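The values are calculated or read from the model by the stated rules, or taken from the named source; none is laboratory data. Not measured: the values here are computed from a predicted model. Here Cβ is always computed from backbone atoms with ideal geometry, including for glycine, and neighbour counts include all displayed protein chains.
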Amino acid sequence: MTTIPSEAEKYLKHLPTIANWIRTNKRISGIEMALFKTLYGEVYRFLKQTTYEKIREVISPYQNDAQYGNYVRSALSPQGEQWIRYALGLIHRS
């Protein structure tokens with residue numbers, strides 16, 4: 001397995017869950033956002049400071065990775081981009 005730099009790992013390790021939310025077009029409630037902020041404060045603060053463009057730049061090289069490739073392609077799809085921008089918008093406004 002390829003060693004993944006920590007910068008990329010910050011994004012890639014969350015993609016399995018995010019890909020599921022993209023697939024189901026998960027809508028995030030205010031209560032869920034508050035729980036996310038409380039339970040996953042480090043991830044929340046990290047995402048609050050990033051953009052879809054930065055995420056795309058970092059994860060794109062892993063489109064063919066055996067472990068993350070399917071999730072990366074989901075995040076880079078038009079539906080994935082739309083959902084991630086939606087979620088980042090909620091985080092940035094919270």
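Structure notes:
- The requirement of being hydroxyl-bearing (Ser, Thr, Tyr), under 12 Å from the mean Cα position of the chain (by Cα), closer than 15 Å to Lys10 by Cβ and part of a helix (DSSP H, G or I) is satisfied by Tyr44.
- From Lys54, Lys48, residue being touching a His at 6+ places or on another chain (Cβ under 8 Å) and within 22 Å of Met33 (Cβ to Cβ): Lys48
- Scanning the range 20-40 for residues that are in a helix (DSSP H, G or I), within 24 Å of Gln79 (Cβ to Cβ) and touching a helix residue (DSSP H, G or I) at 6+ places or on another chain (Cβ under 8 Å) yields Trp21, Ile22, Arg23, Met33, Phe36.
- Count of the range 17-69 residues, restricted to those that are within 18 Å of Trp83 (Cα to Cα), touching a residue at least 12 places away in the same chain (Cβ under 8 Å) and exposed (fewer than 14 other Cβ atoms within 10 Å of the Cβ), is 5.
- Residues within the range 1-16 that are touching a residue at least 12 places away in the same chain (Cβ under 8 Å) and part of a helix (DSSP H, G or I), tallied: 7
- Test: residue in the range 72-93 that is part of a loop (DSSP other than H, G, I, E, B) and modelled with pLDDT under 95: no
- Residues (of a type in the set (S, T, N, Q) and under 10 Å from the mean Cα position of the chain (by Cα)) located in the range 1-39: Thr17
- Qualifying positions in the range 53-71 - touching a helix residue (DSSP H, G or I) at 6+ places or on another chain (Cβ under 6 Å), assigned to a helix (DSSP H, G or I) and closer than 18 Å to Arg23 by Cβ: Ile55, Ile59, Tyr71
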